[in-house]
Amino acid sequence: MPGIVIVGAQWGDEGKGKITDLLAEHGDAVVRFQGGNNAGHTIVRGDQEWKLHLIPSGILYPGKRCVIGNGVVIDPRVLIDELHALRARRVDVSGLRISANAHLIMPYHLLLDSAGEAKLGSLQIGTTRRGIGPCYADKAARLGIRVQDLLDEKILKKKIVAAMEPKRQSLRPFEKDPALDLHTMTEEYLTFGHQLEQHVADTSKLLWEMLDAGKKVILEGAQGAMLDIDHGTYPFVTSSNPLAGAASVGTGIGPLAIEEVWGIAKAYTTRVGAGPFPSELHEEMGETIRQRGGEFGTTTGRPRRTGWLDLVALRYATRLNTLSALVVTKLDVLSGLDRIKVCTRYRGPEGAVFEDFPYHQTVLHHTTAELMELPGWSEDLGECRTPSDLPDAAREYLEFIAEQAGVPVALIGVGPGREQVLWTEAGRQTLLGEDAVAVSGRSAL
Ligand code: IMP
């Protein structure tokens, strides 16, 4: 029953989409299990670029099953636009299945997201303003509208009435007359229902049957561990659980169906939006990494905050997810630096040292990163095709990361192309089932 989970091991934007797309070649289904169109992936295939926000990365493979699980929040307008855009480029989207239980982002969720941020003023979270938080809030309050409701006009209308009235009240201070018309909204959502109906299914059952038949199912997380609503840097987090544990709940398959959990981490760290970031770089080096790494959001275009690799956070993410392997992306961005720094511990204002991620928000906000220097390399890595092509210093950097995290590196990203993802022995052995010589966590490069 090989379920393989791919999760972000940092603050999102680690390159999960590209890695999922690559692994999808070896899988039978690709599934999203949480988040919504706050996520964004860019996939490069030859000279073609694809930007996806909701549809799983596997859609570019003809005949692969792609699933949007019950844990995802769907803005139907965005989903339909994405489907149109794919069809226009002759991508076969017939393999897409959408959970009937997934919740829908409604127009009032978008308004509430912006109003909520405005209300917070200088304490803003810096959300993507896609309505994610308010939609999950309605789900928990049992006021949510689900995909299946689109297929029943009477129920849809009833549910919109119940959910919308309280929103009018809370939006009043921000908009005198919010454009929330019951009739228009119902008609619009019914039309969305007609357009999506062919894709709606009992995806939990479908996935179970695939797993039972020994098919490989890849479960693709959005965002990253540090944005997890329970274990991340709350309240500067998203409103779902981007951890491997959520792959089970967000799709309706049991946890024992999951065999592998791969965590994706950049060779450095980025974060979008507000919140603590101990290894953040404010000076010129931060800007250098931002420019070299093209660190601007796929979804909002916002410049990302940049910093050195944070191993305290990475060890935490490894534990929270029980990662079985790491994928280190964008190693090429660090080429040309004499010395590379990494954060191995945090130090509190009174000198306390933190090897583990501090659980208390106040403590975390006042910690600074303790940095260690490692030798850099000058070579361009774009032409490397196997880990042995990498300069010694780059390999040592990866070995250091694997040792600190306590899990092997399975894949290494050295550029945007598919051919620029290098498989280590550990990666080949776990995913492709190939024999590898003496694979152990640290010597697998
Ligand atoms: P929300 O998910 O739009 O509510 O935003 C909450 C926080 O998560 C903000 O700091 C966002 O910048 C961040 N966030 C949400 N989605 C992503 C993502 O895909 N990558 C990086 N940060 C994200």
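The values are calculated or read from the model by the stated rules, or taken from the named source; none is laboratory data. Model, not experiment: these values are computed from the prediction. So basically every Cβ, Gly included, is an ideal-geometry build from the backbone, and we count neighbours across all protein chains shown.
Examine the range 17-30 for a residue that is closer than 25 Å to Gln429 by Cα and within 13 Å of the ligand (Cβ to nearest atom), and state whether such a residue exists. So far as the range 17-30 goes, yes, one or more of its residues are closer than 25 Å to Gln429 by Cα and within 13 Å of the ligand (Cβ to nearest atom). Taking the criterion of being assigned to a helix (DSSP H, G or I) and either of a type in the set (Phe, Trp, Tyr) or within 15 Å of the ligand (Cβ to nearest atom) (or both), the only residue of the range 272-291 that qualifies is Arg290.
Residues in the range 250-259 that are surrounded by fewer than 19 Cβ atoms within 10 Å (Cβ to Cβ) and either within 16 Å of the ligand (Cβ to nearest atom) or under 24 Å from Arg315 (Cβ atoms) (or both): Pro255, Glu259.
Results for (1) in contact with a helix residue (DSSP H, G or I) (Cβ under 9 Å, 6 or more places away or on another chain); (2) in the same structural domain as Leu22 (by TED's automatic domain parsing); (3) more than 29 Å from Ala24 (Cα to Cα); (4) more than 16 Å from the ligand (Cβ to nearest atom), shown as yes or no for each residue.
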residue: Val217; (1), (2), (3), (4): yes, yes, no, yes
residue: Gly221; (1), (2), (3), (4): yes, yes, no, no
residue: Thr233; (1), (2), (3), (4): yes, yes, yes, no
residue: Ser248; (1), (2), (3), (4): yes, yes, no, yes
residue: Thr270; (1), (2), (3), (4): yes, yes, no, no
residue: Gly293; (1), (2), (3), (4): yes, yes, no, no
residue: Leu311; (1), (2), (3), (4): yes, yes, no, yes
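For the residues Leu150, Leu156, Leu171, Leu143, the requirement of being under 16 Å from Leu112 (Cα atoms) and modelled with pLDDT of 95 or more singles out Leu143.
Name the single residue that is nearest to Ile258 (Cα to Cα) among those in the range 292-335 being in a helix (DSSP H, G or I) and of a type in the set (S, T, N, Q).
Asn321
Residue-level analysis places Val44 outside the set of residues that are assigned to a strand (DSSP E or B) and crowded, with 17+ Cβ neighbours inside 10 Å. For the range 10-38, the set of residues classified as more than 18 Å from Gly293 (Cα to Cα), assigned to a loop (DSSP other than H, G, I, E, B) and under 11 Å from the mean Cα position of the chain (by Cα) consists of Phe33, Gln34, Gly36, Asn37, Asn38, listed by residue number.
Being under 23 Å from Tyr234 (Cα atoms), within 15 Å of the ligand (Cβ to nearest atom), of a type outside the set (D, E, K, R) and surrounded by fewer than 16 Cβ atoms within 10 Å (Cβ to Cβ) is a condition met by no residue of the range 141-164.
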